[in-house]
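**Student:** Encoded as structure tokens, here's the structure I'll be asking about.
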Amino acid sequence: MSSKSVFSYRKTATSVSALLFMPLLINPSLAQAGTVPAGQSQAIDVNTPVETWVVETGATLTGSGASTLGITGVAGATVNLTNSTVTPDGVNGLTQGIALTNASATLNNSTVTSAQGIGILAARNINSAGGSQVTLGNNSVVRGLVGGLAGNRFSDLTVQESTLEGTGAN
């Protein structure tokens, strides 16, 4: 009686390869993250894949009709959104719609909705002077379970013809 392997190497290798990529198939947002490198600019719109964005030092992210899963901006980063939506999915701990640290954001006719955290968090690095700047205008709406907009005493928050809402129960 001859012995013959039940498993072929080719099928096993293919199966192992498929298993390696399974987390990306189950949760595709793990594979989707955009970064605007320090000092650079990036424009996003309705044709840009929906993903989480990191805006590095001195960089600018400009959205027009865009949708994102969340935006984080640091040290001199600028976020400008017009007719755009930000809806974090809570993956990798990002529960704020927009999280700024010594950065700025200007929203015009845009919506930020966080079902798990704060719509926009405007903070500062403890080792730096000043804080973050947020300007909401032209019917922008910012909602968050914990609060719509949170800033510290060093941040500059301007709200004109817009809505801020905390949606969580006491």
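The values are calculated or read from the model by the stated rules, or taken from the named source; none is laboratory data. Since the structure is predicted, the reported quantities are computational estimates derived from the model, not experimental observations. Cβ: placed from backbone, ideal geometry, glycine included. Neighbour counts: every protein chain shown. For accessibility, only protein heavy atoms count, side chains too; no ligands or nucleic acids. Shrake-Rupley method; radii C 1.70, N 1.55, O 1.52, S 1.80 Å.
**Student:** First compute the accessible area of the stretch 98-170 with a 1.4 Å probe, then give the percent of it belonging to carbon and sulfur atoms.
**Tutor:** Summing carbon and sulfur atoms, their accessible area is 45 percent of the total for the stretch 98-170.
**Student:** Oh, and also: What's the local net charge at residue 142, with K and R +1, D and E -1, over the other residues with C-beta under 15 Å away? Intermediate results must be reported in sequence, preceding the final value.
**Tutor:** Numbers: positive: 143; negative: 161, 165.
With Lys, Arg at +1 and Asp, Glu at -1, the neighbours total -1.
**Student:** Each residue of the stretch 53-62 in turn: what ³J(HN,Hα) in whole Hz from Karplus with 6.51, -1.76, 1.60 and θ = phi - 60°, glycine and Pro shown as x?
**Tutor:** 3J(HN,Hα) across the stretch 53-62, in whole Hz: 10, 10, 10, 7, 3, x, 8, 10, 10, 10.
**Student:** Starting from 0.36 nm per residue, how many nanometres of slack lie between residue 167 and residue 89 once their C-alpha separation is accounted for?
**Tutor:** Working it through step by step, the gained length comes to 26.4 nm.
**Student:** Taking the Cα centroid of the stretch 122-152 and of the stretch 46-116, what is the distance between the two, rounded to the nearest whole Å?
**Tutor:** 12 Å
**Student:** Which whole-Hz ³J(HN,Hα) couplings does the stretch 133-143 yield from phi under the Karplus relation 6.51 cos²θ - 1.76 cosθ + 1.60, θ = phi - 60°, glycine and proline marked x?
**Tutor:** 10, 10, 10, 10, x, 6, 6, 6, 10, 10, 10
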